[in-house]
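The values are calculated or read from the model by the stated rules, or taken from the named source; none is laboratory data. Model, not experiment: these values are computed from the prediction. So basically every Cβ, Gly included, is an ideal-geometry build from the backbone, and we count neighbours across all protein chains shown.
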Amino acid sequence: MLRVRVVFILVALVAAAIPYRIAQLQLDEGDKWREKAETINFQYREVPATRGNIYAGDGSLMATSLPFYRVAIDPTIVKEDRYKAKIDSLAQKLSAFYKDKSATAYKRMINDARKENKRYLVLNRRQIGYQDMQEMAKWPIFRGGRLGGGVLFEKVEKRYRPFNSLASRTVGFLNEDEYGAGIEYSFNEYLKGTDGKALFQRLAGGSWKPVFDAEDVKPENGSDIVTTLDVNIQDVAETALRRQLVDRNAEFGSVIVMEVKTGEIKAITNLQKNKSGNGYGENYNFAIGDQGNTEPGSTFKLLSILALLEENKISLNDKVETGNGAHKFYDRTMTDAKNGGYGTLTVREAFEKSSNVGISKLVDEYFGSSPSKFMAYVDKVGLKDPVGFQLVGEGKPYFKKPGDNNWYGTSLPWISIGYEIKLNPLHTLALYNAVANGGTMVKPMIVRAIAKGNTIQERYETEIIRNRIASEKTIKLLQELLEGVVERGTAKNIANADYKIAGKTGTAQKLVNGRYTRKYYTSFAGYFPADNPKYSMIVVIDSPEGFAAYGGDVSAPVFKEIADRIYALDIELNPSNQNQIFQAENNSSKIPFIKAGRGGELNEIFEELGVKAGAANAEEWVKMVSTSDQIQWQNNETDKAQIPDVSGLPLRDALFILENKGLKVNYSGKGVVKSQSLSPGSTLTQNATINLVLG
C-alpha cells in the first residue's frame with residue numbers, strides 16, 4: 001500500500017512539473033528556441049554570380065551563360081475568389097505548354113497542394129527559356145507575380161556555345177567540383193565572379209524558397225575573357241584536319257595557327273577518334289598537354305642545323321656522304337626513308353630531302369666529343385622548359401642530359417633527328433615561329449584581355465622569350481632551307497604559285513612497349529607567306545593508315561589547305577581578291593560598279609560615298625544590275641533547296657554562302673568567282689561538292 005502511494009505521489013509531481021517546464025521554456029528560454037527555429041526554417045544561402053563570357057578576337061561569342069527557369073508556385077498565396085475563377089485557365093495553359101499532363105491533372109495537383117497548405121510546388125522539372133518565362137508571366141494567376149499569384153521563376157544558368165563544338169577543348173569546361181580544362185578552367189577565378197547571399201525559407205519536403213530581405217547581398221558577375229582566336233580560321237582548321245583524319249583513319253590530330261609577330265594563336269584544334277571508332281571529337285588538348293609530348297621526328301632537324309651553323313661547323317654547300325641510306329653508330333643502324341639511299345648530298349639537300357643519315361652524321365662528327373655543347377642549344381632557343389602558356393596543363397619538354405644513366409653513345413645521333421626526346425606541337429611551333437620572326441621567339445598566347453563590359457581590367461601584351469635564338473646570318477640560312485623543303489624537297493607537293501610556304505616535314509616511328517613500330521607520328525611545321533611571314537602553323541597527325549604515311553603526304557597537305565583558305569580570306573595578305581569587288585566599267589561614269597555583296601553592308605558603303613542606290617534588303621546577298629542613274633539590286637538568294645549563284649563574289653563571301661548550304665567547296669585560281677560547277681537554281685543535295693574557278 002505504501003509503494004502504491006509513493007508511485008502516485010511521483011506521478012503527481014511529474015504531472016505538475018510539465019506545465020512548469022513549459023512555462024519556463026516560454027518565459028525564460030523562449031527567445032533562444034525561437035531563434036533556433038528561425039535558423040532552421042530560414043537561411044542565408046549563396047546566390048551564384050553570372051559567369052563571364054568568352055569571346056573570339058573579333059568579338060564573336062564563344063561561350064556565355066544563358067538564363068533558364070524552373071517554374072514553381074506557392075498555391076496558398078492566391079485569394080480564393082481569384083483562384084476559383086482562374087485555376088482552370090492556368091491548368092489548360094500548363095497542359096498545352098508542357099504537353100505531359102492533362103489540364104485536369106494539373107488542376108488536381110495544384111488543388112491538392114493548396115488544400116494541404118503546401119507553400120512550394122514545382123509544376124514541371126523541365127526548364128524554360130527567358131522568352132517563355134516572359135510569356136508565362138502573363139498567364140492567369142501568374143500575372144499576379146510572386147506576391148499576388150505565388151509564381152516562382154527560379155533562375156538556373158546554363159553554359160551555351162554559339163559555335164557548338166568549335167574549339168571546344170580550348171574553350172574548355174568546368175564541372176561541379178570546379179575542375180575542368182581550357183579557358184573555362186584556367187581563367188575560372190575571373191569568369192566565376194563573386195556569389196551573393198539571399199534569404200531562403202525551408203519548406204515541407206526539404207525545398208528552399210527565396211524570400212525578399214533587406215540584407216540580401218547581390219552577386220557580382222564574372223569578367224569576360226577576350227581570346228586571340230579567329231572563328232573563321234578555327235573553322236577552316238577543324239574542317240581540313242577532320243577530313244584528313246577520316247581519309248587516313250588516323251588516331252588523332254592537332255593544328256595550331258599562330259600570328260608570327262605577336263604570338264597570338266588564331267586557331268587550335270585537337271581531334272581524336274571516338275571510343276566507338278565512329279567519328280572524331282575534341283577529348284584532349286594534344287597541342288599543349290602532356291599526352292601530346294612525343295618524339296617529334298624530322299622537324300627537330302631544324303635545331304640540329306641551327307647548332308651546326310652557329311658553331312661555324314658547316315656551310316650549306318658542304319658535302320655529306322649518306323651512301324646506301326644506312327649508317328651504323330655503335331650497335332644501332334640509322335636509316336633513310338629512301339631505299340638505296342641518296343648517295344652524296346650537300347647539307348642543303350640533306351635537309352630538304354630529310355636525310356636521317358646525313359643530319360645525324362654531321363651532328364655526331366662535330367658534337368660527338370662534346371654532346372653537352374649541342375644540348376646547350378636546346379636551352380638557348382628556349383625549348384628546354386615550358387613556355388608558360390596561359391592555359392593550365394602545358395606539357396614539359398623532355399631531353400636527356402649527357403652523363404645521365406640513360407645517355408648512350410647512340411643518343412646524340414638519334415636526338416639530332418628528333419628521337420629520344422619529347423616535345424608537344426606548341427613547343428615545336430614556337431621554334432619555327434622564331435625563325436619566321438627573324439630570330440625573336442615570342443610566347444604563344446591565347447587570351448588577349450580580361451574585361452567587364454567595355455572596361456578592360458587586364459591586357460596581355462606580346463612577351464618575348466628569347467630576343468635572338470641565333471645570329472641573323474644563321475636565321476637567313478634557316479629560312480632558305482625551309483623554303484627549299486617546299487620548293488624542291490619532301491614537301492614540294494604543297495608548293496604554291498600564289499604565295500610561298502616555308503616549313504619542314506616530320507615523320508617519327510611510334511614507340512610501343514619499348515619497340516618502334518610501323519606506325520608514324522607525322523607533322524609539318526612552317527609559316528607563310530615565306531617572304532613576309534604573317535602566320536606560322538603546325539599540323540600533326542598520329543598513326544595515319546594507307547600508302548605513303550609520311551609527314552609530306554599526310555600533314556603537309558592539311559597545312560596547305562588551311563594556308564590557302566587563310567590567304568584567300570585575309571585582306572592584308574591578298575588585297576587583290578577584295579579589290580575586285582569594285583570595278584569601273586566606264587571610266588567616265590561616276591557611279592562605281594559593284595559585283596555583289598551583303599545588302600546591309602552595301603547600303604552603308606553607298607550612304608558613306610553619297611551615291612544614290614536603291615535600298616538593298618539588309619539580310620540578303622544582292623547583285624548590281626544597273627549603273628544608269630541609280631544603282632539597282634537583284635536578290636542573289638535562292639530557295640534553301642536550290643544551288644545559289646555566287647558568280648562575281650569574292651571567295652570569302654562565296655564560301656560563306658555555299659558552306660552554310662551544306663556544300664563542300666573546292667576552288668582554283670584567285671580573285672572573284674568566274675564559274676561554278678553546279679548550276680544556280682538547280683536542286684541542292686546535302687554534302688555535294690561544288691568546284692569554283694576564280695579569276
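Structural remarks
- Residue identified as surrounded by 14 or more Cβ atoms within 10 Å (Cβ to Cβ), free of Cβ contacts under 8 Å to residues at least 40 places away in the same chain, under 21 Å from residue 68 (Cα atoms) and of a type outside the set (Ser, Thr, Tyr) among 191, 174, 152: 174
- Just so you know, in the range 84-108 the residues that are surrounded by fewer than 16 Cβ atoms within 10 Å (Cβ to Cβ) and either aliphatic (A, V, I, L, M) or closer than 14 Å to residue 72 by Cα (or both) include one that is farthest from the chain's Cα centre (by Cα), and it is 85.
- Filter result for residue 43 (farther than 22 Å from residue 189 by Cβ, at pLDDT 95 or above and either over 21 Å from the mean Cα position of the chain (by Cα) or surrounded by fewer than 17 Cβ atoms within 10 Å (Cβ to Cβ) (or both)): no
- Residues in the range 479-516 that are part of a strand (DSSP E or B) and at pLDDT 95 or above: 502, 503, 504, 505, 506.
Yes/no per residue for (1) in contact (Cβ under 8 Å) with a residue 24 or more places away in the chain; (2) over 27 Å from residue 147 (Cβ atoms); (3) in the same structural domain as residue 186 (by TED's automatic domain parsing); (4) part of a helix (DSSP H, G or I):
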| position | (1), (2), (3), (4) |
| --- | --- |
| 63 | yes, yes, yes, no |
| 68 | yes, no, yes, no |
| 76 | yes, no, yes, no |
| 83 | yes, no, yes, yes |
| 86 | yes, no, yes, yes |
| 95 | no, no, yes, yes |
| 100 | yes, yes, yes, no |
| 104 | no, yes, yes, yes |
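- The conditions of being in contact with an Asp or Glu (Cβ under 7 Å, 6 or more places away or on another chain) and either among the basic types (Lys, Arg) or modelled with pLDDT of 95 or more (or both) are met by residue 119.
- Breaking point among (1) part of a loop (DSSP other than H, G, I, E, B); (2) under 28 Å from residue 83 (Cβ atoms); (3) modelled with pLDDT under 90, for residue 199: (1)
- On inspection, residue 395 does not qualify as assigned by TED's automatic domain parsing to the domain that holds residue 482, of a type in the set (Gly, Ala, Ser) and either within 26 Å of residue 528 (Cα to Cα) or crowded, with 24+ Cβ neighbours inside 10 Å (or both).
- For the range 342-360, a residue qualifies if it is part of a loop (DSSP other than H, G, I, E, B) and either under 18 Å from residue 414 (Cα atoms) or in contact (Cβ under 8 Å) with a residue 24 or more places away in the chain (or both), and the qualifying residues are 353, 354, 355.
- Test: residue 363 is under 30 Å from residue 467 (Cβ atoms), assigned by TED's automatic domain parsing to the domain that holds residue 305 and surrounded by 19 or more Cβ atoms within 10 Å (Cβ to Cβ): yes
- Scanning the range 305-341 for residues that are touching a Ser or Thr at 6+ places or on another chain (Cβ under 7 Å) and farther than 22 Å from residue 508 by Cα returns 309, 310, 316, 317, 318, 319, 321.
- The single condition among (1) surrounded by fewer than 19 Cβ atoms within 10 Å (Cβ to Cβ); (2) assigned to a helix (DSSP H, G or I); (3) not hydrophobic (A, V, I, L, M, F, W, C) that residue 519 does not meet is (2).
- Set side by side, the residues 256, 225, 305 differ, and just one is crowded, with 22+ Cβ neighbours inside 10 Å, within 27 Å of residue 665 (Cβ to Cβ) and modelled with pLDDT of 95 or more, which is 256.
- Yes/no for residue 401 being among the basic types (Lys, Arg), in contact with a helix residue (DSSP H, G or I) (Cβ under 9 Å, 6 or more places away or on another chain) and not assigned by TED's automatic domain parsing to the domain that holds residue 172: yes
- Members of the range 85-107 that are under 15 Å from residue 138 (Cα atoms) and of a type in the set (Val, Ile, Thr): 87
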